[in-house]
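Written below as structure tokens is the structure these notes are about.
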Amino acid sequence: MLKNKGHPSRRDNLAVTAVALQDHILHDLQLRNLSVADPSKTRAPKGENTSRSLKRNTKAVIDTGLQKTPQGPKEEDPEKEYVLDPKPPPLTLAQRLGLFEPPPPPLSAEEWGSVKQRSVSQGDSMQPCPICKEEFQLRPQVLLSCSHVFHRAFERFASKKTCPLCRKSQYQTRVIHDAARLFKATCATRIQACWRGHVVRTWYRDLRRTRPPTDPKLRRRFFEEKFTAISQRLLRSYHTDIDELFAEIDHCLAINRSVLQQLGGQCGRQLTDGDWQTIQAQALRRETSECSICLTPLSLSSGRSQRPRETALLSCSHVFHHACLRALEQFSWGDSSPFHACPLCRSCYQKKILES
């Protein structure tokens, strides 16, 4: 025993190695508060001590009545990229003894640039998250040192710090906003597409209203709509008063009745023999030799050798062949009309057939 007093024995080396391995496993599995020797001594998060220390550090604020300019926190760039846990974690006992490799040193800016370039070439930010299969949109996004991209909250559900895809341990994490930029660009493109579509549709509707199409059916429909619009504008421009319209119709009917009554009074009176003699004398003074309807000679004088035709003397002193006058009456008015008009003076007449 005295010989081995200054040198560790093999059993002690095994014990140290076992403790170092257990400590490394606890750190690797993120179980740093767990006590291996006694489970009852597992430490809980010190929330109460923190609150007590905060209460001790509080100071009374004296209101002096002077208005102070509010000093808010400085606004940082929301799209600024930064590294989570820029300092490497402390080495475990196993790593100090050389049982496990120590964590790699922090990546430089150039190395992060190459990692990001590799991720961009793979198109990871354009694809959904490999874990939840949801689009990144504007939610926080992290880039691992192995060039894989996930939602920032994926480590909450992981019991070991390893990449879910390539299983690389002791990775480094950097917050990026590539997916947010792509999502904003996509939203802007969609908004621009909607607005341009609206402008083009409005322009096309205006064009359809002003220029007729070439298709016959559409062209006919276009002009029908135009004529309908013009008719509606004309109707709206007129003052349509129904009572006034009916009053005007009644007035016109009253005038027509008075005219018909005058005609009836003139044509309805029976002429005497003396009136017919006066009318016949006026016809002889006019010296009419032919019928104005058929343009053939009349037979008023008895000295002609042709066979005489019946002639009709009208009350307006015009003379026609009786057959021509009857044919004209049937053609123009028909037999149902009580009054007829002279074909020359257009006056209402009574006729008398002259003896040959």
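The values are calculated or read from the model by the stated rules, or taken from the named source; none is laboratory data. Just so we're clear, the structure is a prediction, and the values are computed from it rather than from any experiment. Backbone-built Cβ (ideal geometry, glycine too); neighbour counts: all protein chains shown. In case anyone asks, the SASA skips ligands and DNA or RNA and just uses the protein heavy atoms, side chains included. Shrake-Rupley method; radii C 1.70, N 1.55, O 1.52, S 1.80 Å.
Could you pull out every residue, at least 5 positions away or on a different chain, whose amide H is within less than 5 Å of the one on Phe136? Hs are placed 1.01 Å off N in the peptide plane, and Pro or chain starts have none.
Cys129
Given a cut-off of 24 Å, name the pairs among Lys116/Lys168; Lys80/Lys160; Lys133/Lys160; Lys133/Lys161 whose C-alpha atoms lie farther apart than that in the structure shown. Spell out each step's value before the answer.
On the way: Lys116/Lys168 17 Å; Lys80/Lys160 28 Å; Lys133/Lys160 21 Å; Lys133/Lys161 20 Å.
In this structure, Lys80/Lys160 lie more than 24 Å apart at Cα.
Separation between the Arg152 and Val16 pseudo-spin-labels, each 7 Å from Cα along Cα→Cβ, expressed in nm?
4.3 nm
How large is ³J(HN,Hα), in whole Hz, for each residue of segment 129-137 in order, when computed from phi with the Karplus curve 6.51 cos²θ - 1.76 cosθ + 1.60 and θ = phi - 60°, using x for Gly and Pro?
With the stated coefficients, segment 129-137 comes to 5, x, 8, 8, 6, 10, 5, 6, 6 Hz.
Could you sort Leu165, Leu84 by their accessible area in this structure, using a 1.4 Å probe and putting the largest first?
Working: Leu165 95, Leu84 50 Å².
Result of the area sort, largest leading: Leu165, Leu84.
Which three semi-axes in whole Å describe the equivalent ellipsoid of segment 82-182, each the square root of 5 times a Cα gyration tensor eigenvalue, listed largest first?
Working: eigenvalues 134, 47, 25 Å².
The answer is 26, 15, 11 Å, longest axis first.
Could you calculate the FRET efficiency of Arg309 with Asp243 from 1/(1 + (r/R0)^6), where r is the beta carbon distance between them and R0 is 51 Å, rounded to 0.05? Mind showing how you got there, number by number?
Details: r = 59 Å, r/R0 = 1.15.
Given R0 = 51 Å and the Cβ-Cβ separation, E is 0.30.
Once R0 is set to 35 Å, what does the formula 1/(1 + (r/R0)^6) return for the Cβ-Cβ distance between Gln330 and Gln270, expressed as a FRET efficiency to the nearest 0.05?
On the way: r = 24 Å, r/R0 = 0.68.
It comes out at approximately 0.90.
For a quick check: with amide H placed at 1.01 Å from N, whose amide H comes under 5 Å from Gln141's, ignoring anything fewer than 5 positions away on the same chain?
The answer is Arg152, Ile176.
With +1 on each Lys and Arg Cβ and -1 on each Asp and Glu Cβ, how big is the dipole of segment 82-182 about its Cα centre, in debye rounded to the nearest 20?
Values: 14 positive and 9 negative charges, 49 e Å.
Roughly 240 debye for segment 82-182.
In terms of modelled amide H atoms, which long-range or inter-chain residues lie less than 5 Å from the amide H of Phe100?
Excluding prolines and chain starts, which carry no amide H, the hits are Gln95.
Leaving out ligands and nucleic acids, and using a 1.4 Å probe, what accessible area per residue does segment 82-182 come to in Å²?
On the way: 6230 Å² over 101 residues.
Ligands and nucleic acids excluded, the figure is 62 Å² per residue.
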